Structures are given as structure tokens and as C-alpha cells.
Amino acid sequence: MRCISMLAAGLIAQAVLPAQSDLFEWSLYAPLDAGQRVSLMAFGPDGSKGAFATADGTIQLLDLTVRPPLTRRLAQQAGRVVSLQFASDGSALMSAGEDGNVLLSSFRGGGDKSIRAKSKLLSAALSRDGELIATASDDKSVAIWDTQSGRQISQLQHKSKKPFFRLDFAEKDTSLVGVSESGTICEWDVKTRAVVRQIQDSDQAIHSASAGGGGLLSVGAESADFQKGPLGMYNTARASDMRREDRVKIYDLGRGSVAKTLDGIDGNVVSVALSGDGRFVGIIRQRVKDSFLDVYDSQRGVSVASSRLPGIGTAVAFSQSGQWLGAATDRGDLMVWAVKGLRNPVSPDALRGVTYAITSTINEPLVAPARPLTLAVMDFAANGVDSDTGRAVADMIRTRIGEGQNVRLVERSEIDRVIKEQNFQASDRVDPETAGRLGRILGASKLVLGNVSKTDTRFTISVRLVDTETGAIEGGVREITCEPCSAAGLQEAVIRLKPVLVK
């Protein structure tokens, strides 16, 4: 390998914009020249090693403990390399070739291992414990292999319309996540091989993806639509009528929902990398003939650093150690930046910018019967929101309480029937004494009453338990706030409230 020319290095340095945040710093550590297109790059877990793959299938290892980094040839694939990943303990490097060969190259003299898939590979992933390899092929199949024997031990089922171009094991190897170009995000349980969840992204295509710490997944998405206006000649749509939007989405895999969206990306997102703490996202965006590396603060949703690349960007990678950021181009340019600013993992809630807080002073479960107990959950009073919201929250509370031990719930249909027959007014249902009479008619020993309130951007849910014989409130109140929040955040609030609601 040879160092990039001083002139090219100078051009790169001039193109780099200083970080626009006191939380993120970067400096160009090593510009290198691979001599040909670099398709992938990766960093070792402790930041001492890096690796990259070139167009001819050569795998090169980088020693980042010296400057400029020393390089040596590690392995050779027969064709394009589709995946490159270090073992979590740094003992080996996995490379997967398009031809179906997956090689685990050892750094500790334990001998190399390999598996051979029959179909053309699009992606592969190595489990954290190093015992499993997952592969995704162009025939839409997803398989799990045993690294010791090299045998396929399972084939996973899914309903994606297109094959998966990205696979990642979860941090504790509990699940495997796959991403397809059609926007399907599928998660499988590694032990049972069953589908845990399958999400369909709302955009039309996903071109890149990267998993990060804390159960986060970043994807580069694109949507396209025709602009409103007159059609071109002969009433046909023209290329100029097409409006494209590019964005980066960060998924909270634990909830199966988008935690953050970075809109308005100027160009196609070719490659995306999520930092180990989830705080920063590195993207390569292609705009006509120009290519840029941008770094976004995922929590604030703003770009904090940018560099125009000397060629067409092909790959970007963050090191899990938080020490390095790398980018590569089709000309063979390989750039490694030393970075600062990565810290403890950011939570999905922090990305959403929403804070949930249980504000009641009592944290024991409100409903914890030692023997079977019949409860009726009434519609919640709505303050600052419409009555439908109060009804919806009551339904969510009913579902959670119904999961408790020794709890029998009166069906909503039965509650609605009695209310109609007895001509109870809405105000009667939240008055403890009147509601107690309703509860006795329903055959319930206790009633669950509550309120949903909104003040500015804060939502509050409060829940209390009423004895139908005495009308007395038992066990105090359980309450949670959500801020800044919308009605969409109330379901998460109820989920978080459950531990203090029911045992």
C-alpha cells in the first residue's frame, strides 16, 4: 500500500469542515490509497485494527497503533466482498464473498474457518460469541450456520418481497435483524428461529443500513413521488416531474418504531454508519457527481461535520470504541479520522426527545390481589384532550391490568350496556360514590378510575382504585408524565406505568 499524494491529502484537508458542535471533534489521521475501488471497511472492537476490502476481493488489515497505519494482506475472496466484520473479542475477521464463501480469518493462530453457501450472497453477520454466522442470499433465503462445523443449522422464514442486503446480530445474540431494499425490517429470535416482528418502512426503498448500540438501527431511505402540476407532452410524466426525498431513520428495535428521522438529506444516502453510542450518524451522500461525508448529531438531528470526498463515496464506518471514523471511495481513497465526543449510549427516548417520568410517590403495584378479584376499568376523564383519548387510554390500561395475577376484568361491552340501561352520565362515572354503585351493578369489587390531562406539551395519566362498597380510594394514586409529548406517546406511557399498576 502507498500513502496518498500530498496534493490529494491537501485537497481533502481543505474540504473538511470543522465540527459545528462542542460535543464532536474530528481530525484526519491517515489518508491512504488502496489503488482500486474500496467496497467495505470495518474497525476492530478496541480500535487498534481496521480492515477494508477492494474490488478484486482482497482483504487488507490496518494496524492503527502506528501512523501512518501499517497494512498487510489478510485474505482473498473470489469476487466482490459483501460483508466485513471483526469478532467482538478482536480475535478474527469475517469476510463474506458474493460467490457464497464466508471466511473467518483468525489473528491468534487458531486456524481459519469457512462456510460455503450455494446461492449468491448479499450479506453475512457474525454473532458476538463467534459461534454462529448468518447469511442472506439473492434468492431471499436467510440461513444460520455453525462456525465450528461449517454446517447450516437453520433456515429462517419471513415475508419480505425482496432479499435482505444487511444482517446484524443483537448485542447479546438474542436476535438477528435483517433489512431489505423494499423496506422490510425483520427480527428473528436466535434460539427459536421464529419471527419476533416484521416492520415495513413507510418509504419506498432503503439503500443502506447500520446497527448500533442500545438496540438501534439506522437506515438510509428514499421516497419518490410525482409533483403536482401539468403533465408533459402527450400527457406523460417527465423525469423532471419526479420529486425524490432522502432521509435517515433510526429505529428503536425494542419497540419496533422510528425513534428519530433526519430529513432533508441533500443527495442519495449511499452508506450509513451509527456510532457505538448511537449519538452520531455518519453518512455518505451522493449528489450528481459530488460525494460527501456528513456526521449528524442523532439526538439534535443536525449536521455537525462535513467533508467533500475526492471520489465517489462507497463506504463509511464508525469504530465501536468511539475512536475512529472511516470513509472510502471508488478511486481507492481511504480516509481515517480520529474522533472525540462519543460517550455513554443514547437511549431511544433521548432520540425522540421525550421524557417519561413516574411522578407518584408510591411505587408499589396499585393492583396486587392475593386472591381472585373482579375489576371494572372505567373510561378516563379527559382534561385538555377529547373524550376519545380518555377512552383509548382506559382501553390500554385495561389491557395491562388484565395481564396481572388473580385479576378478572369486566368486559367493556358489559360496562357500556349497563351504563346505557341505567342512564349514567359521563360525570357520574368518575364520581367515586356514583361509580361505586355502577361497580356493584357490574359485580365488580373494585373500580379503576383515571384522568388524562394535557398542559402545553405535557401529558399526564393518573390512575386510582375505588372500593365499590365504601367508595373509598385505596392505595393512593399512580401517575406518569410525558413531555414533550403527543397523543402518540401515550401508549408508551401506559407501558412504563404498568409496573406500578399491577403485579
In terms of modelled amide H atoms, which long-range or inter-chain residues lie less than 5 Å from the amide H of L501? L366
Per residue, what volume in Å³ does the Cα convex hull of the range 20-160 take up? 152 Å³
In nanometres, what is the gap between the two model label sites at Q422 and D189, each 7 Å from Cα along Cα-to-Cβ? 4.2 nm
Starting at the first residue of the range 283-294, write each ³J(HN,Hα) from the Karplus equation 6.51 cos²θ - 1.76 cosθ + 1.60 with θ = phi - 60°, in whole Hz, x for Gly and Pro. 10, 9, 10, 10, 10, 6, 9, 9, 9, 9, 9, 10
Trypsin sites (Lys or Arg not before Pro) within the range 53-108: DSSP coil, no more than 15 neighbouring Cβ in 10 Å: R108
Restricting attention to the alpha-carbon atoms of the range 311-429, what are Rg (one decimal) and Dmax (integer), both in Å? 26.6, 79
To check my understanding: the extent here is largest minus smallest coordinate of the Cα atoms along each principal axis. What are those three numbers for the range 69-109, in Å, largest first? 26, 22, 17
The summed charge of the Y356 Cβ neighbourhood (under 14 Å; Lys/Arg +1, Asp/Glu -1) stands at +1
Where labels lie 7 Å past Cα in the beta-carbon direction, separation of K118 and V66 in nm: 4.7 nm
What GluC sites (Glu not before Pro) does the range 103-202 have in DSSP loop regions with at most 15 other beta carbons within 10 Å? E131, E171
Going highest first, how would you order 54-62, 138-146 by mean Cβ packing within 10 Å? 54-62, 138-146
Residue by residue through the range 186-191, which ³J(HN,Hα) values in whole Hz follow from phi under the Karplus form 6.51 cos²θ - 1.76 cosθ + 1.60 (θ = phi - 60°), with glycine and proline marked x? 10, 10, 10, 6, 5, 6
Surface/4 estimate of mean projected area, convex hull on alpha-carbon atoms of the chain, nm²: 30.5 nm²
Give me the one-decimal nm value for the distance between modelled label points at S486 and E411, 7 Å along each residue's Cα-to-Cβ direction. 3.5 nm
Cut-off under 5 Å, modelled amide H: who pairs with G100 long-range: L121
Phi angles of the range 53-70, converted by Karplus (6.51 cos²θ - 1.76 cosθ + 1.60, θ = phi - 60°) into ³J(HN,Hα) in whole Hz with x for Gly and Pro, give 10, 9, 4, 8, x, 6, 9, 10, 9, 10, 9, 8, 7, 10, 10, x, x, 7
Considering every pair of different Cα atoms, what Kirkwood radius, in Å, is found for the range 355-500? 15.3 Å
Radius 9 Å from Cβ of I185, net charge of other residues (Lys, Arg +1; Asp, Glu -1): -1
Stokes-Einstein translational diffusion, the range 350-397 - Kirkwood Rh over all Cα pairs, 1.567 mPa s, 4 °C, in µm²/s: 93 µm²/s
Quick one: which residues, 5+ away or cross-chain, put their amide H under 5 Å from the amide H of A209? H built at 1.01 Å from N. G220, V272
Linear extension gain, K161 paired with R197, 0.36 nm per residue minus alpha-carbon span: 11.4 nm
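FYI, it's all coordinate maths here, none of it is from the lab. Note that the structure is a prediction, hence the values are computed from the model and not measured. FYI the Cβ positions are ideal-geometry reconstructions off the backbone, even for glycines, and counts take in every protein chain you see.
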